[in-house]
Amino acid sequence: MVLPSACAVPDTGVLTERRHPESPHPYRSPFQRDRARIIHARAFRRLAGKTQVFTHRYSDHFRSRLTHTMEVAQIARTIATTLGLNQDLTESLALVHDIGHPPFGHAGERALDEALQKHGLRFDHNLHALRIVEYFELRYLDFRGLNLTLAVREGIIKHSRDYSPVKHPELVAYFLDQRPPLEAQIIDLADEIAYLTADLDDGLEAGILTLDSIRQHVSLFERFYAQIEARHPGALEKLLFNEALKHMLNALVGDLIAETQHRVQLHNIASLEGIRLVKDRVAGFSASMEALRMETKRYLYDHLYNCEELTRDHEKAERVILDLFQAWSTDPALLPASYSAQIEEEGLPRIVADYIAGMTDNFILDLHKEWQGATASSIGI
Ligand code: MG
């Protein structure tokens with residue numbers, strides 16, 4: 001299953017360069033150092049307090065953004081190892097892939113984007129992740145940020161989408177007219193595999209999804225469940241579920257590996273340059289698996305992500321973010337000094353969004369309660 005070795009990002013060369021040159025480490029590769037820097041970052045630790053899909057009101061055993069991140073790293077590492085890609089780079093990219101997410105999952109991202117759009121700006125979690133690793137993390141005497149390699153910075157912005165060089169001239173250093181290396185391409189797909197399977201699990205656990213409805217609507221799951229149930233009559237339903245889900249995850253990973261390898265052969269690609277210059281991204285699922293993936297995703301949107309119970313959480317999340325965005329925009333003196341110092345350079349709306357995006361769910365909920373209390377007393381309630 002291994003691809004030609006020149007398809008992998010090497011541990012030397014232009015992609016290992018850092019903004020501020022550093023001497024090589026005696027026994028750690030550049031991407032091993034990046035992985036360590038990401039794990040030691042404050043923004044990484046805060047992923048533990050951020051919603052993936054379920055807020056903490058459900059229970060502490062649902063996935064947080066941190067445990068989701070670890071599942072993505074696990075899946076991505078298997079794919080990278082099997083294809084002979086650079087494992088340390090892949091793992092660094094998986095660990096950093098959600099670091100730019102604001103509190104409250106996608107509802108939080110939508111609210112921040114909505115608030116910024118009124119000022120002609122946008123909120124994009126990939127670009128925000130780049131701001132975190134380039135600017136907000138303060139660990140070194142000589143520079144701001146984590147001083148990550150070019151390959152990791154490129155992967156942060158390009159793992160899930162492409163950016164137009166016309167709309168984003170500030171990203172010109174990141175080879176915008178070329179595809180990212182396979183190590184970055186597989187992150188988005190490992191992310192999908194991780195959350196599609198995990199959200200079936202957590203959705204069932206939360207009592208929002210039922211086993212019958214999953215079996216009825218998710219063909220890939222049902223295919224394995226029916227076989228396993230026939231082989232283990234009388235087994236606990238939850239264990240049959242776990243076993244079927246494990247097979248589903250394995251089938252998605254196996255298909256992705258085989259199809260990616262097939263496309264590399266088909267396009268006669270023998271190097272990283274070949275991966276970069278081919279018209280479409282090389283990593284992907286086969287057509288039949290892609291249809292099953294889409295079916296699963298549609299099911300989760302219809303029955304979980306947009307269900308009434310979670311919609312109430314989303315509405316509350318949006319209200320909290322929009323209230324505080326408005327409060328700090330009206331009275332920037334309430335912002336911490338480290339943020340207000342940057343208003344002149346970046347403009348107030350971006351700085352308010354930066355401040356909010358860094359928060360965990362509980363931290364922003366506490367601030368919102370305080371704000372509500374202060375607002376109520378100022379209007380004499
Ligand atoms: Mg993710």
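Read-outs throughout are calculated quantities, based only on the coordinates presented, and are distinct from any laboratory measurement. This structure is a prediction, so every number in the text was calculated from the model and none was measured. Counting neighbours? That spans all protein chains shown, and the Cβs are built from the backbone with ideal geometry, glycine included.
Of the residues Y174, A194, F241, the one whose Cα sits farthest towards the positive end of the charge dipole of segment 5-311 is Y174 (charges of +1 on Lys and Arg Cβ, -1 on Asp and Glu Cβ, taken about the Cα centre). Ordering G13, L292, W328 by the projection of their Cα atoms onto the charge dipole of the chain, which places +1 on the Cβ of Lys and Arg and -1 on the Cβ of Asp and Glu, puts G13 at the extreme positive end.
For the pair segment 253-311 / segment 6-59, the C-alpha centres are spaced 24 Å from each other. Given R₀ = 22 Å, FRET efficiency for T210-N306 by Cβ-Cβ distance, to 0.05? FRET efficiency, T210 to N306: 0.85. Loop-located GluC sites (Glu not before Pro) in segment 126-191 (DSSP state other than H, G, I, E, B) with a sparse environment of at most 10 neighbouring Cβ atoms within 10 Å are absent. Within the shell of other residues whose beta carbon sits under 9 angstrom from the beta carbon of S286, the net charge comes to -3, with Lys and Arg scored +1 and Asp and Glu -1. Relative to the current alpha-carbon distance between H40 and Q265, full extension at 0.36 nm per residue lengthens the span by 77.1 nm.
Who wins for biggest fluctuation among S23, S329, S340 in a Gaussian network model of the chain, springs between alpha carbons below 10 Å? In the Gaussian network model the winner is S23. The stretch between A258 and E170, if pulled fully straight at 0.36 nm per residue, gains 28.1 nm over its current Cα-Cα span.
For the chain, there are no membrane-span-like helices by this rule, meaning no whole DSSP H stretch whose C-alpha atoms cover at least 30 Å of axis and whose Kyte-Doolittle mean is 1.6 or above; this says nothing about an actual membrane.
Here T360, T67, T149 are placed in order of increasing Cβ neighbour count within 10 Å, fewest first, which gives T67, T360, T149.
Grab the beta carbon distance between E315 and A6, set R0 = 51 Å, and tell me the FRET efficiency rounded to 0.05. Walk me through the numbers before you get to the answer.
Numbers: r = 51 Å, r/R0 = 1.00.
Calculated value: 0.50.
Of all the options V166, V133, V352, the one that moves most in a Gaussian network model of the chain with Cα springs shorter than 10 angstrom is V166. Calculated mean residue ellipticity at 222 nm for the chain: -18500 deg cm²/dmol, from DSSP H runs with n ≥ 4 weighted as -39500 (n - 2.57), summed, divided by the residue count and rounded to 500. Charged side chains reduced to their Cβ positions (Lys and Arg at +1, Asp and Glu at -1) give the chain a dipole of some 600 debye around its Cα centre.
How much length is gained on full extension from Q372 to L322, taking 0.36 nm per residue of separation minus their Cα-Cα distance? Mind dumping the intermediate values first?
Values: separation 50, 0.36 × 50 = 18.00 nm, distance 1.29 nm.
Extra length from Q372 to L322 when fully extended: 16.7 nm.
May I ask which residue of N147, T90, F123 lies farthest towards the positive end of the charge dipole of segment 90-147, with charges of +1 (Lys, Arg) and -1 (Asp, Glu) on Cβ and the Cα centre as origin? Comparing the listed Cα positions along the dipole, F123 ranks first.
Sort H61, H217 by Cβ crowding within 10 Å, fewest neighbours at the top. It would help to have the intermediate numbers written out before the result.
Numbers: H61 10, H217 17.
Ranking H61, H217 by Cβ neighbours within 10 Å, fewest first, gives H61, H217.
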